[in-house]
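The values are calculated or read from the model by the stated rules, or taken from the named source; none is laboratory data. Computed from a prediction, not measured in an experiment: that's the story for all the values here. All Cβ positions, glycine included, derive from the backbone under ideal geometry; neighbour counts span all protein chains shown. Surface accessibility is based on the protein's heavy atoms, side chains included, excluding ligands, DNA and RNA. Shrake-Rupley method; radii C 1.70, N 1.55, O 1.52, S 1.80 Å.
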Amino acid sequence: MTTNQDLRLTGVSAEQILNSRGHPTLQVEVITADGLSFFGSAPSGASTGEHEARELRDGGTDYRGLGVTKAMTFVDSQIEPVLTDRAWTTLDQIDGTLAALDGTGNFAKIGANTAVAVSIACARALAHQQRIPLHQWISEQLGTTPVMPVPHFNVVNGGAHAANDLAFQEFLIAPAGAMTITDAIQMGAEIYAALEGELRARFGAVGVGDEGGFAPDTDDEAQVLDILVRSIEQGGLTPGLNVRLALDAAANSFYDGKYYRLHGRWRSADDLLERYVHLATNYPIWSIEDPFDESDRDAWRDIVDRLGSTVQILGDDIFVTDAQRIRVGAKEGIANAALIKPNQVGTVTQTLEALRAAQEVGFRTMVSHRSGETLDTFIADLAVGAGTGQLKAGAPARGERVAKYNRLTRLQKLYPELRYAHWWTD
Ligand SMILES: C=C(OP(=O)(O)O)C(=O)O
Ligand SMILES: [Mg+2]
């Protein structure tokens, strides 16, 4: 029996769009029986975890090798026939069908890019079918209270995201002490502008990295943190009180299997740990993501032991938004928080499972974009609906990044009852 809450699709199709790196990606459109269209598109990472769900690209080494023709063909030839064949009550049914069509366990056949674009479009269609906003639909799936997340603006880029010598990939500012999302975004914009001035004065011309953060010509993370602190103070704000700092080291990208490359020298995990302790002691750093390579689990445990009571130790490449990996990680005591990226695991349903697992084990969560982004704003609704209190979507500049922050502004206007997260008082 079908009810009027059930979703009937009459069409599922894909088109090739370009992501923010200029690489082809998929945008999927689903058409409902009442003639409405819903869209989803696939982002793409550069510093990826070993166990991420697989992105399907056409192959080869030239530009055309980056294409997504095969993925689009799957949508037309295999996905559309099954998704238009029956009525759907839950997203779990749709995503389960995608996983069964794929059959590999990590979307190696149809591609996680295909799956995530279809899944996001269907989540939007299902929320509409139930006549509720997307963030509310998400919160009902999880039993959470929607909340406006603290935006984590990535304002200095290094690692795999920039052509400079900074080993750490991301230096983020988090206006945790703002009273509203509007204030938080304003603070982000003002600090970004002040930072540009500071960097120009120190380095002359300064470019930007993949996520719109500046990419100064330095390998010294303490120098970057000093400049960040000054940029925050320029606007009359107090680092640590109004605005906190966060790092994504993305340490997979400077690890050779035994040592970590920092400031032109190879260092042991113990040396790197001392560096983090020094930085967290001297700067208002509240969160450190991927401090060590995903295989270096003893080092992760050590940093939780040393800093975990005051600093969020956030797993990205090590958990890859996978519920089971989060549960195992919690048991091993190797982190206290998990990054959440839908395309890392493949579907919205699996993303919600990862969020549930994090809830169960008492981990905080931060919803995240990818370095290769589209204008899709699903992650903003996800962060709000799941009540994570944290979202990172790049710099407060560049269209594909500000699309997410602007979506938060829009949600605040539509739903004034949404409160700004105040997790630092927990
Ligand atoms: C957003 C990130 O980068 P990428 O998308 O390249 O994995 C990250 O590592 O957190
Ligand atoms: Mg990361």
Taking the Cα centre of each part, how many Å lie between segment 368-426 and segment 15-84? 23
If the chain between Thr10 and Leu414 were fully stretched, how many nm would it gain, using 0.36 nm times the residue separation less the Cα-Cα distance? 142.5 nm
Rounded to whole angstrom, the alpha-carbon centroid of segment 127-180 lies from that of segment 189-230 at a distance of 21
Which shape class applies to segment 65-161: rounded if a/c is under 1.5, otherwise prolate when a/b exceeds b/c and oblate if not, where a ≥ b ≥ c are the square roots of the Cα gyration tensor eigenvalues? oblate
Round to the nearest 10 and give me the degree value, 0 to 90, for the angle of helix 323-332's Cα axis relative to the longest principal axis of the chain. 30
At q = 0.07, 0.14, 0.15 Å⁻¹, the log10 of I(q)/I(0) for the chain from a Debye sum over equal Cα scatterers comes to -0.32, -1.29, -1.46
Amide H of Val156: which non-local residues (sequence gap of 5 or more, or other chain) have their own amide H closer than 5 Å, using H built in the peptide plane? Phe171, Phe214
Proximal lysines relative to Lys341, as straight alpha-carbon distance under 17 Å, when same-chain residues fewer than 8 apart are discounted: Lys392, Lys404
Within the set Phe292, Phe203, Phe153, GNM on the chain using Cα springs under 10 Å gives the largest fluctuation to Phe203
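Between Val328 and Tyr259, how high is the FRET efficiency from 1/(1 + (r/R0)^6) when r is the Cβ-Cβ distance and R₀ = 35 Å? Nearest 0.05.
Between Val328 and Tyr259 the formula returns 0.85.
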How large is the helix-only mean residue ellipticity at 222 nm for the chain, computed as the sum of -39500 (n - 2.57) over DSSP H runs with n ≥ 4, divided by its residue count, in deg cm²/dmol to the nearest 500? -12000 deg cm²/dmol
Just want the answer: with Cβ charges of +1 for Lys and Arg and -1 for Asp and Glu, which residue in Val75, Val229, Trp137 is farthest toward the dipole's positive end in the chain? Trp137
Spacing of the two label points (7 Å from each Cα toward its C-beta) at Ser309 and Arg131, in nm: 5.3
Which of these, Trp286, Trp300, Trp266, has the largest mean-square fluctuation under a Gaussian network model of the chain (Cα springs below 10 Å)? Trp266
Mind checking which aspartates and glutamates have their C-alpha under 19 Å from Lys70, skipping anything on the same chain fewer than 8 residues away? Glu15, Glu29, Glu55, Asp58, Asp62, Glu80, Asp102
Using modelled amide H (1.01 Å from N, peptide plane; none on Pro or chain starts), what sits under 5 Å from the amide H of Arg267, excluding residues fewer than 5 places away? Tyr260, Arg261, Leu262
Taking the chain as a Gaussian network, where each spring joins two C-alpha atoms under 10 Å apart, which residue of Gln136, Gln344, Gln169 fluctuates the most? Gln136
Return the percentage of antiparallel bridges among DSSP beta bridges fully within segment 140-425, rounded to the nearest 5 %. 40
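Given the Cα-Cα distance of Ala205 and Thr180 and 0.36 nm per residue of separation, how much length would full extension add, in nm?
Stretched out fully, the Ala205 to Thr180 stretch lengthens by 5.6 nm.
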With +1 on the Cβ of every Lys and Arg and -1 on the Cβ of every Asp and Glu, and nothing else charged, how large is the dipole of the chain about its Cα centre, in debye rounded to the nearest 20? 660
Nearest 0.05, what FRET efficiency do Ala163 and Asp226 give at R0 = 22 Å with Cβ-Cβ as r? 0.50
From phi via Karplus (6.51, -1.76, 1.60), per-residue ³J(HN,Hα) for segment 409-420 in Hz, x at Gly/Pro: 4, 5, 4, 5, 5, 6, 10, x, 6, 5, 8, 6
Could you work out how much longer the chain between His422 and His51 gets when fully extended? Use 0.36 nm per residue separation minus the Cα distance between them, nm to one decimal. 130.3 nm
Sort Asp256, Asp85 from largest to smallest accessible area, using a 1.4 Å probe on the heavy atoms of the protein chains. Asp85, Asp256
